[in-house]
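The values are calculated or read from the model by the stated rules, or taken from the named source; none is laboratory data. Please read all numbers here as calculations on a predicted model, not as lab measurements. Reconstructed Cβ throughout: ideal geometry from the backbone, glycine too, with neighbour counts over all protein chains shown.
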Amino acid sequence: MPKPRGPLSEWVVARLADSGAHPVGAAPLAHVTDDEAIALWSLHELSYRGFEDASDDAERDPEVLVVRHGLERALEQRLRARWDHAGTDVPEPAGVPDALEALVAADDGPSLADHVRRRADTDQVLEMLRQRSVYQLKEADPTTWVVPRLPTRAKAALMELQFDEYGGGNPNRLHAHLFAKGLESVGLRSEYGAYVDDALPETLELNNALSMFGMQRRLRGAAMGHLAAFEMTSSIPARKIAQGLGRLGLEGAMVGYYDEHVEADAVHEQLAARDICGTLAEDEPDQVGEILFGAFTCLDLESRVATALFDAWGVER
Amino acid sequence: MSEDFDHPDIVLEPHGPMLVRGASTIRDAEGTLHSVDRPVVALCRCDKSSRLPWCDGTHKVIPRRRTS
């Protein structure tokens, strides 16, 4: 399990490790967002691969679920406040693909990909890859939770996209596996969750939002909007990152990973914006605002991670 | 009654690439044959891709022609 970052995550880690009977008691409050973020990340992880040192039935432990619910509610309120603040117009259902395109086009967040392509040094690129690894080693998994919650057209389209993420059935082409090979090729550790203790609070918040959107049926629209924005901002940046890796002499499997994403995500962005979000909006018009909220949140959280890394490196944005 | 949905094998995306479903090989403009290993591919229509015949998203940074 991760290293605790405060009283709340200490409580969570101790609680998850404990397989015996225990009295019901209140979890302590987190003093810092870092503590909250690693606590929620750990609780979400129970629904993915779990931890060797956590009790196997901790996922459904009522007391743990109460803490998880409280942390998710606080996270969702924070994300919605940022979205309300952005004040984006919500279109008619038929206008969703264009609205997603406009939202992405208007995004002026700092670009890690531009920095990697032109100026980043090797240490900075490795730091970016460690941060990315928290998600990329379970790439596509948070989105898979949503499949059974979608109407027919969006469900089929999401499976068409996810099938590609999972290598079309070939484990050697599964994207998370390609990333693991890439990490090894640049001398980093590739085991699942290897760099969680190095994850910035912004990286954890990004991962927590993605898991929360994926795991709650109510948030299916936000999950699909997030997916669309992610795919729509992937192929050109992937090409830039591949160029940057080449510039630094980091040839090999990590370049292959980003090359794969140039072509794959040029397909996925079309599927996500039109066949998934477009049809979901037509079939469930009440999801239009949610789709855009998810898309905004993707761009906003990516921008926060980039800002935090640039600040840590002393790089002007 | 449950309806049947459109699910074309080839889709021309507005201001975007041509999506092709279920292809196994594609011949490019130079006559080179490319094997396809994904269920759907995006073929470049703006001719500016850095990895023709595949779309690499470059169309998004090219100014659009007026359509009206």
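General remarks:
- Condition check for residue A:223: away from every other protein chain (no Cβ under 14 Å), hydrophobic (A, V, I, L, M, F, W, C) and crowded, with 24+ Cβ neighbours inside 10 Å: yes
- Some residue of the stretch B:15-33 being more than 11 Å from chain A (Cβ to nearest Cβ), outside any loop (DSSP other than H, G, I, E, B) and of a type in the set (Lys, Arg): yes
- Meets criteria (within 14 Å of another protein chain (Cβ to nearest Cβ), of a type in the set (Asp, Glu) and in contact (Cβ under 8 Å) with a residue 60 or more places away in the chain) for residue A:205: no
- Restricting attention to the stretch A:1-21 and to residues that are basic (Lys, Arg) and at pLDDT 90 or above, the residue that is farthest from residue A:195 (Cα to Cα) turns out to be A:5.
- Residue list for the stretch A:79-95, restricted to those being in contact with a Pro (Cβ under 9 Å, 6 or more places away or on another chain) and of a type in the set (D, E, K, R): A:92
- Of note, residue A:279 satisfies the criterion of being in contact with a Lys or Arg (Cβ under 7 Å, 6 or more places away or on another chain) and within 14 Å of another protein chain (Cβ to nearest Cβ).
- Residue match in the stretch A:102-116 (condition: in contact with an Asp or Glu (Cβ under 8 Å, 6 or more places away or on another chain) and assigned by TED's automatic domain parsing to the domain that holds residue A:225): yes
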